[in-house]
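The values are calculated or read from the model by the stated rules, or taken from the named source; none is laboratory data. Predicted, not measured: the structure shown is a model, and the values here were computed from it. Cβ: placed from backbone, ideal geometry, glycine included. Neighbour counts: every protein chain shown.
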Amino acid sequence: MTLTFAAVDSARVRAARLDALHLRPDVAGGAQDLTSAVAHLLAVQGQELQPALWGLSRRVAPSPGATSSPGRTEANALLAAGEVLRTHVLRPTWHLLRPDDARWLVRLTGERVARLVASTERSWGMGDLGPGVDAVAAEVADGPRTRAELKEALVARGLLAADAPGVVFTHVLIRAEIGRLVISGPPTEGRPTQHQTYAAFDDRVPSGYGPLGERYDAQEAVLELWRRYLPARAFATVNDLRLWSDITVSALRRGLAVLEDAGEVVRLPGAGDLEGLELVATRETAERWSGAGIPVPSRAGPVVDLLQAYDELLLSYRETRHVVLDPALPLPDRTGSFVHTVLVDGVVAGRWRWPAGRAVDAEHPVEVQWMRDPTPAERAALDEQSAELGAYLAR
């Protein structure tokens with residue numbers, strides 16, 4: 001029997017996403033810890049590493065009896081221990097993911113990422129990067145290496161000019177990552193300043209393909225992508241997932257048909273400014289959020305979120321990402337240092353600057369550029385978020 005669900009509008013979709021993305025852990029429950037937050041989201045865009053780790057900490061539900069939520073030291077320790085890894089996957093940018101998800105997800109998306117970076121390589125006339133990639137793999141086989149150490153090794157081998165543009169060396173590393181040869185390693189120790197390293201892929205990633213088992217199957221990988229994406233993103237279109245994963249629409253539609261036949265997912269019409277779009281959700285999400293009988297949760301007073309610029313609430317969607325935008329305000333951009341996003345009740349209302357190298361406290365609050373005049377209650381809610389950021393950085 002085919003179930004028919006009522007249309008969903010932007011307000012309901014926005015509230016469902018805040019819930020599914022665990023941005024309201026104190027209301028609806030969130031991840032138990034930082035690693036489970038990463039596992040829930042599958043992959044978290046992370047080229048702005050420290051803001052991305054802060055964003056993960058916002059997804060952890062308060063533990064009974066806990067004196068504080070995860071802090072900066074704990075978040076960075078996950079990378080050092082290899083419980084969370086950082087690599088180029090899904091799109092030509094860094095993402096954070098769990099070791100069990102690294103091998104199958106990089107294999108699923110690596111070929112597409114390679115095609116995308118190839119256009120940049122041709123425009124720069126980079127030529128064959130293969131020898132450099134092989135040399136990077138040989139270097140990390142003896143242990144983790146910093147970016148500077150790897151560049152020095154390539155120069156010494158005559159595979160990279162000492163004055164080569166940085167983009168050339170960057171693409172050598174990207175090729176090594178999508179080739180499943182290297183991945184993020186532990187930070188250096190015993191030096192005045194710690195640096196992130198690259199390590200051999202197989203040293204940090206378990207054998208096999210995680211949820212797929214010991215053997216890789218392309219169709220099963222697409223099904224796993226849908227099964228992980230939808231519960232963490234609530235309502236979305238096929239094109240939303242296409243932007244996020246860069247998997248072809250045809251492959252995604254084939255996978256969606258399998259899951260729909262199995263009764264795992266349903267389709268719903270959009271309403272209001274989503275009219276004309278077909279949204280997809282898990283059966284559980286649709287049953288919880290569609291229909292007039294299910295109210296959209298609310299909290300007393302405005303809720304302010306300090307999101308990183310590439311938070312999954314902003315980057316997980318294509319056709320429907322406008323549900324977090326105020327049509328009366330200009331589109332936000334990421335120019336200058338105020339690149340991160342201020343939300344008020346789930347709607348973009350300003351930008352903020354990451355406090356690199358300084359504390360955040362009552363005398364030195366987070367710096368914000370509002371896109372409109374905030375109310376006194378919104379300023380007070382921002383002060384609360386600023387205090388939480390300060391506490392996170394201090395931990």
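Some points to look at:
- Selection of the range 151-202 for residues being under 24 Å from the mean Cα position of the chain (by Cα), in contact (Cβ under 8 Å) with a residue 40 or more places away in the chain and farther than 19 Å from G46 by Cα yields V172, G179, L181, A200.
- Residue pairs whose Cβ atoms lie under 7 Å apart, separated by 6 or more positions or on different chains, with the first residue in the range 104-127 and within 16 Å of A164 (Cβ to Cβ) and without any contact (Cβ under 8 Å) to a residue 40 or more places away in the chain and the second in a helix (DSSP H, G or I) and of a type in the set (F, W, Y), do not occur.
- Odd one out for A356 among (1) more than 19 Å from the chain's Cα centre (by Cα); (2) of a type in the set (G, A, S); (3) buried (at least 21 other Cβ atoms within 10 Å of the Cβ): (3)
- Total residues in the range 268-279 satisfying the condition of being in contact with a helix residue (DSSP H, G or I) (Cβ under 7 Å, 6 or more places away or on another chain) and surrounded by 16 or more Cβ atoms within 10 Å (Cβ to Cβ): the figure is 2.
- Residue that is farthest from L343 (Cα to Cα) [pool: residues in the range 365-379 that are assigned to a helix (DSSP H, G or I) and in contact (Cβ under 8 Å) with a residue 24 or more places away in the chain]: A377
- Tally of residues being in contact (Cβ under 8 Å) with a residue 40 or more places away in the chain and either more than 23 Å from E111 (Cβ to Cβ) or in contact with a Ser or Thr (Cβ under 9 Å, 6 or more places away or on another chain) (or both) across the range 223-266: 19
- Of D305, D361, D373, all but one fail to be at pLDDT 95 or above and more than 30 Å from P231 (Cα to Cα); the exception is D373.
- Criterion: at pLDDT below 95 and either within 24 Å of A80 (Cα to Cα) or part of a strand (DSSP E or B) (or both) - qualifying residue of E177, E149, E189: E189
- Conditions (1) free of Cβ contacts under 8 Å to residues at least 24 places away in the same chain; (2) within 19 Å of E48 (Cα to Cα): number failed by L389: (1)
- Elements of type helices (runs of 4 or more DSSP H) contained in the range 1-116, each with 1 or more residues being acidic (D, E) and buried (at least 20 other Cβ atoms within 10 Å of the Cβ): 10-20
- Flag set for T248, criterion: under 26 Å from T93 (Cβ atoms), surrounded by fewer than 18 Cβ atoms within 10 Å (Cβ to Cβ) and among the hydroxyl-bearing types (S, T, Y).
Okay, residues lined up against (1) in a helix (DSSP H, G or I); (2) at pLDDT 95 or above:
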site: R215; (1), (2): no, yes
site: L230; (1), (2): yes, yes
site: R253; (1), (2): yes, yes
site: E287; (1), (2): yes, no
site: G293; (1), (2): no, no
site: G301; (1), (2): no, no
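- Total residues in the range 39-61 satisfying the condition of being over 12 Å from the mean Cα position of the chain (by Cα) and aliphatic (A, V, I, L, M): the figure is 2.
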